[in-house]
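The values are calculated or read from the model by the stated rules, or taken from the named source; none is laboratory data. All values reported here derive from a predicted model rather than from experimental measurement. Every residue, glycine as well, gets a Cβ built from its backbone with ideal geometry; the counts of neighbours run over all protein chains shown. Quick note on the areas: whole protein, heavy atoms, side chains included, nothing else; ligands and nucleic acids left out. Shrake-Rupley method; radii C 1.70, N 1.55, O 1.52, S 1.80 Å.
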Amino acid sequence: MAKRDYYEVLGVGDTASDQEIKKAFRRIAMKHHPDRNPDDDSAAEKFKEAQEAYEILGDQEKKAAYDRFGHAGVDGNAGGAGGFGAGGFSDAFGDVFGDIFGGGGGGRRSGPARGADLRYDLQLDLEDAVKGKTIKIDVPTTVHCGTCDGSGARPGTSPITCNTCGGAGQVRMSQGFFSVQQTCPQCRGNGQMISDPCGDCHGRGVSEERKTLSVKIPPGVDTGDRIRLAGKGEAGPNGGSVGDLYVQVQVREHSIFVRDGSHLHCEVPISFAQAALGGELEVPTLTGKVKLKVPAETQSGKLFRLRGKGVAPVRGGATGDLLCRVVLETPINLSDEQRELLAAFDKSLAGKGKHSPRTTSWFDGVKKFFDNLTG
């Protein structure tokens, strides 16, 4: 099968500059790289074809021979193992690897880097979460070494340039057709080495410290909210900036209230007599006790809403409500006299459905259900 014209393969004209040829090859190589198209055999062929074209057109001598004699002038040079010219394909392919896998064509020093962010889990009572509070916390972290000012070198000395990478922070490893950049194993990407480390931090540039910080809890926070303390995280390596501290809020369960956003819920026990006759109940709120009027003939499970007795949201908005559900409490430890009174009372109600409308309707529904089953 006849080979395609190399200029056609790369999609450039025969007057294209070296930079245009290199750019065209990089575009095709990224598009058809086998690692990006593991299940596409045609992509691998196109990638190989582009390699061969760039090997010739990326080298001035080979390009001149190709321009003059076509494929016949370069057939002995193209496609052979190890036949890529120095500074030609390997340089461009190294750039392509950088684009695909995050490296760089010219090598990069890591230099000062930002310190790590920290997280602190803070447990709060519901009252403190609703009203807000200033709390002190102890946080283990790292700070820049005061002796060497974060450089890691003994005072009066300075880090030296790494002799392995020449200060680039990366080294290039070549094998066959491939040229890949890696972090320098000697300096770990810093580009510099410490020959005389600081005696206090032993060359790390940071030291461990436990800080006591004041955290202002805004009113209305809830479980899952985060409070950011800028610059209170870990010190960055090589003198880099300090990270942040994130205080993660967790509100403890409350013995009375259950929170639902801006609303609070609670259950209020009520006696049979109170439910039947009605009256006033004293119920708690986060701001004090209030009176709850219970109408006569209140059923167990009835929900009462106390407006504005909930939570003011931390991000603004209307204060929520307190929703009180009354729950009928069955009396226990009855005396003989009390049992007799209850029995007499129950007997007085027997057969009179007007006193128990829900019971009457329920039994009617049960009877209808069984009639349908047997009918």
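Worth pointing out:
- Taken over the range 309-342, the criterion of being among the hydrophobic types (A, V, I, L, M, F, W, C) and either touching a strand residue (DSSP E or B) at 6+ places or on another chain (Cβ under 8 Å) or in contact (Cβ under 8 Å) with a residue 12 or more places away in the chain (or both) is satisfied by 311, 312, 314, 318, 322, 323, 324, 326, 327, 328.
- Enumeration of residues in the range 271-300 that are closer than 30 Å to residue 128 by Cβ and either in contact with a strand residue (DSSP E or B) (Cβ under 8 Å, 6 or more places away or on another chain) or in a loop (DSSP other than H, G, I, E, B) (or both): 281, 282, 283, 284, 285, 286, 287, 289, 290, 291, 292
- The range 202-256, residues that are open to solvent by 20 Å² or more (accessible area, probe 1.4 Å), under 23 Å from residue 129 (Cα atoms) and charged (D, E, K, R): 216, 222, 225, 226, 228, 232, 252, 253
- First in the range 198-216 and more than 13 Å from residue 144 (Cα to Cα) and at pLDDT 85 or above, second anywhere and polar (S, T, N, Q) and surrounded by 12 or more Cβ atoms within 10 Å (Cβ to Cβ), Cβ under 7 Å, 6 or more apart: 211/141
- Given (1) over 30 Å from residue 259 (Cβ atoms); (2) open to solvent by less than 30 Å² (accessible area, probe 1.4 Å); (3) not acidic (Asp, Glu), index of the condition residue 170 fails: (2)
- Filter pass, residue 50 being open to solvent by less than 30 Å² (accessible area, probe 1.4 Å), within 43 Å of the chain's Cα centre (by Cα) and touching a residue at least 40 places away in the same chain (Cβ under 8 Å): yes
- Remark: pairs (first residue in the range 28-47, under 18 Å from residue 7 (Cβ atoms); second residue outside any helix (DSSP H, G or I) and open to solvent by 40 Å² or more (accessible area, probe 1.4 Å); Cβ separation under 7 Å; 6+ apart in sequence or on different chains) = 47/34.
- Candidates 55, 20, 61 - the one that is in a helix (DSSP H, G or I), of a type outside the set (Lys, Arg), open to solvent by 30 Å² or more (accessible area, probe 1.4 Å) and at pLDDT 85 or above: 20
- Near pairs, Cβ below 7 angstrom, 6+ apart or cross-chain, from the range 286-300 (touching a residue at least 24 places away in the same chain (Cβ under 8 Å)) to any residue that is assigned to a loop (DSSP other than H, G, I, E, B): 294/278; 298/278
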